[in-house]
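The values are calculated or read from the model by the stated rules, or taken from the named source; none is laboratory data. Treat the numbers as computed from the prediction; the structure is a model and nothing was measured. In this analysis, Cβ positions are derived from the backbone assuming ideal geometry, glycine residues included, and neighbour counts consider all displayed protein chains. We work out accessible area using only protein heavy atoms, side chains counted, and drop any ligands, DNA or RNA first. Shrake-Rupley method; radii C 1.70, N 1.55, O 1.52, S 1.80 Å.
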Amino acid sequence: MTSFQRDAQKTLMLYACGPVLLFLVLGIVLIAASWQHYVVTRSDDVRMAATGRMEAWLSLYDEATAAVVAEDAETHGGLVPALRNDANARAELSSKLYRAANESRSGALFFLLDDERRIVLGSWKYLPASLDQTPADLGYLSRLHRAEAERLDEWLDGVSETAPDLAIGRRLSQGMVFFLLPGRFLMQELYSPYLDIVVTDEYDNVVLATDGRYLETDGRAPRKLATPFHMTRGLATSAGERFYVTSDVLSTGWRVTTALPVTDLLTRYAMGMGSFFVVLLIFLPLLWQSARREGDARARAVHEQAARATAIADIRRLESQFQPHFLFNTLENIKYMIKLEPESAVRMVMALSKLLRYSIHGQERLVRFSEDLAYTHGFIEIQRCRFGERFLYEEKGLESASHCFVPRLILQPILENAIKYGESDDGTIHVVVTARHEDERLVLDVCDDGGGMEAEELNRLRAMLASEEDPATHTGLYNVHRRLQLLFGSMFGVSMRRREHGGTCVTMTLPWQTTLMSEEKESEGIKDASHRDRGR
């Protein structure tokens, strides 16, 4: 089997497997998008909403209790004695505390107590039993009585039947004030139909949980979050199930954790990908056999035509590569100008039509430089429409070479490359084209004032020009270089250099040819140039 046959088989396998690989990539993309939307984004949205609500509650009641403390500090003799003696003051403060309690629509209770735990103001006329019956030296009220100016937030068991209540309070000079948020309200507000939420305090005790399967089950720690869920973000496994876990820490040190069951989703993903690979394994041998037969057939056809292949075919190949590349880039420019400047787009279309007639319908391989330059000006007009005053174009000494014969559209690819990579720091694109006669050679320089290129990049481009393999990038430079070498020999072609003051200069070297040889002699000259080039 020849190397060409192997390459042909590989290429055909690539084309045959292309749709399969496309579906594989599409499946992976869909799985990733599904995971991002239904798992990651949904978990983040629910977690941020839950943390936002809790921070809002804390902030609301922090401001309310702080206002009472401030009023206590401003009241001569303390706020608690003043309230006992002033019914208007009691009514006014009670109204403020009611507004604060009702603002969250949570059914929150408020209490203002003296140092003996007697109610001065309150939503109820009596304290909840769990607070009232706690010994004087224990419990939340005892800790609040001993607290300094800082707010004291605690979760209180036994106040509500369904979940712990949240107490938020501050110490007064002769008493204390606190709000009590019902646990049932907090559970309702944190509930999500998509995933479960667990809130733990600063000691890692679970205070709220929309589902009990995330708790440690041993008797020693019935209210601890299970170890697999102690993470900021990632996959956790518990009791044979998989969960996507995220968590945030509140300003109080409490942690809000979300757990989304993903076992079924991962199973569907795995089944889908497994089915795809089973089908692929079944059809891959069939694809290989088909590619092998087709590769052998193509190899025979190429070998039958190999004797008739000449350097003319190489030149035509390079020309055929050039035309679609030029047309694609020009149409891209026109597409944007149609939206931005319709009149300029019309001029660009007219210039493009002239270039197309010249590049497609022309049969002569060599034309007068003046003729080629005239149509190249159409390309310049298109770029001026595109870039406006940012684009500066100059010609120097081109009249002296107007009667020389050059390959068709020899300047356009080099100009296009200079415009693409020659933008200076201030955004302008300055391109200068110079022609000169040296030792019976026509030397064309296309220089720009851009940022130039590093020595490593310059060496890479020079190696590309010296290679006989078509590159994936900079095809315009390579095609011009190869056309010149196939037409005139290896001593001609394209070279590049960095300019001392910045920018890049691309030089094309051609014979100084003022008469056009016959077609037969031209063909023989091309063959000789090709043999010399391949014998290097």
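What FRET efficiency comes out for residue 328 versus residue 241 if R0 is 45 angstrom and r is the Cβ-Cβ distance? Round to the nearest 0.05. Efficiency computed from Cβ-Cβ geometry: 0.25. With a 1.4 Å probe and all protein chains left in place, how much of the accessible area of the stretch 98-212 comes from carbon and sulfur atoms, in whole percent? For the stretch 98-212, the apolar C and S fraction of the accessible surface comes to 45 percent.
Of 224, 354, 96, the order by accessible heavy-atom surface (1.4 Å probe, DNA, RNA and ligands excluded), from most exposed downward, is 354, 96, 224. One compactness figure for the stretch 166-264 is 1.24, namely its Cα radius of gyration divided by 2.2 N^0.38 Å.
Under a 5 Å amide H cut-off, with hydrogens placed 1.01 Å from N, residue 408 pairs with 367 among residues at least 5 apart or on other chains.
Enter the accessible area per residue of the stretch 363-516 (Å², integer; probe 1.4 Å; all protein chains in place). Write down the numbers at each step before the final one.
On the way: 6930 Å² over 154 residues.
That works out to 45 Å² for each residue.
For 152, 286, 477, the ranking by accessible surface with the largest value first comes to 286, 152, 477, using a 1.4 Å probe.
Among 430, 501, the sequence by solvent-accessible area, most first, with a 1.4 Å probe is 501, 430. For the stretch 101-139, chymotrypsin sites (Phe, Trp or Tyr not before Pro) are listed when DSSP marks them as loop and at most 10 other Cβ atoms sit within 10 Å of their Cβ; the list is 126. Of the GluC sites (Glu not before Pro) found in the stretch 114-193, those in coil by DSSP whose Cβ has at most 10 other Cβ atoms within 10 Å are 116, 148, 150, 161.
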